[in-house]
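Comments concern the structure below.
The values are calculated or read from the model by the stated rules, or taken from the named source; none is laboratory data. On a predicted model such as this, the values are computed, not experimentally measured, just so you know. As a convention, Cβ positions derive from the backbone with ideal geometry for all residues, glycine included, and neighbour counts pool all protein chains shown. These accessible areas exclude ligands, DNA and RNA; they are computed on the full protein's heavy atoms, side chains included. Shrake-Rupley method; radii C 1.70, N 1.55, O 1.52, S 1.80 Å.
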Amino acid sequence: MSEDYERRVDEEESDAVEWLMTFSDLTMLMLVFFIMLYAMSTPDTQKVSNALQAVTQALSGKESKLATSTISREEAGVILDQVLMNKQIQIAQQKVFSDVKYLQTKKGLEGLVGANFEDGIITIRAPGDVLFATGEVTLTPKGREVIEAMKDFFIQHPDQTINIRGYTDDRLPGAGGRFRDNWEVSSMRAVNVLRLLMDMGIEPKRLTSTGLADLNPLFPNTSEEYRAQNRRVEFVLEKRVTGK
């Protein structure tokens, strides 16, 4: 009987320890989660830094129960550093996006170029029908003017990577044409824009190109107007994060 009793006591103590560890992990995750929410709710980097310092001090306390968590202080610090970095990137990209608004008023781009900002990513859209003739992948003279007008903006922001994405509508190239399908058309258009930007002095390692055919349409391909808006080239800008 005594052995059974001791075994039950040991099992109960083990269960209690496991429960405390689970609770400690949950507390840690909740703490990190609320710091992330706090960091995302305000552009005040000083407040974010203060919050990070407070959490670091709390985690370093010798008597802190959180120190028993299987989530280490180092891991929590890395998460919080990432939150702070992402917030700083968001703020920096917002400033770049304000320059995009000025770009849209530049001669040659009025009423042509659209722009969007979401999650720190800037997307600039140019109409495919202006850049290229129907069914062609070589830039038109007007298309070259549009890229030329955008060039200075790209040079002024060397910290931005530029992914050039070509899009078509849902109609396939005519039978017997030079191109197999819209994947080839969209890819060649993106590549030709990339080559022109390189010729204009944009750093090659900043540039990538992607052909997406009729994927991700802005509007349903149900009318000529909607198809025209789906035929486009996008310049997707993300901030380059370089090591120290």
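Using a 1.4 angstrom probe on the protein heavy atoms only, line up Ile155, Ile124 by accessible area, largest first.
Ile155, Ile124
May I ask you to order 109-120, 87-98, 225-236 by the average number of other C-beta atoms within 10 Å around their residues, highest value first?
Descending mean neighbour count gives 225-236, 87-98, 109-120.
Can you compute the FRET efficiency between Lys101 and Asn216 using 1/(1 + (r/R0)^6), with r the Cβ-Cβ distance and R0 = 22 Å? Round to the nearest 0.05.
0.40
How much length would be gained if the chain were fully extended between Asp119 and Arg240, taking 0.36 nm per residue of separation minus their Cα-Cα distance, in nm to one decimal?
Difference between extended and current length: 42.1 nm.
Roughly how big is region 168-244's charge dipole about its Cα centre, with Cβ charges of +1 (Lys, Arg) and -1 (Asp, Glu), in debye to the nearest 20?
Dipole of region 168-244, to the nearest 20 debye: 440 debye.
Using a 1.4 angstrom probe with every protein chain in place, what is the largest-first accessible-area order of Ile121, Ile164?
Ile121, Ile164
Excluding ligands and nucleic acids, what accessible area in Å² is computed for Phe179 using a 1.4 Å probe, to the nearest 10?
30 Å²
Based on alpha-carbon positions alone, could you give the equivalent ellipsoid semi-axes of region 129-206 from the gyration tensor, as √(5λ), descending, whole Å?
Over the Cα atoms of region 129-206, the semi-axes work out to 26, 13, 9 Å.
Which trypsin sites (Lys or Arg not before Pro) does region 124-184 hold that lie in a coil by DSSP with at most 15 other beta carbons within 10 Å?
Arg171, Arg178, Arg180
If the viscosity is 1.306 mPa s and the temperature 10 °C, what Stokes-Einstein diffusion coefficient in µm²/s follows for region 181-223 when Rh is the Kirkwood radius over Cα pairs?
136 µm²/s
Indicate the gyration tensor shape class of region 91-131 (rounded, prolate or oblate), computed on the Cα atoms with a ≥ b ≥ c the square roots of the eigenvalues: a/c under 1.5 is rounded; otherwise a/b larger than b/c is prolate and the rest oblate.
Cα axes put region 91-131 in the oblate bin.
Exceeding 23 Å between C-alpha atoms, which entries from my cross-link table qualify? They are Lys106/Lys151; Lys87/Lys107; Lys101/Lys205.
Violating the 23 Å limit, Cα to Cα: Lys87/Lys107; Lys101/Lys205.
Can you give the Kirkwood hydrodynamic radius of region 80-220 from its Cα pairs, in Å with one decimal?
Computed over region 80-220, the radius equals 16.3 Å.
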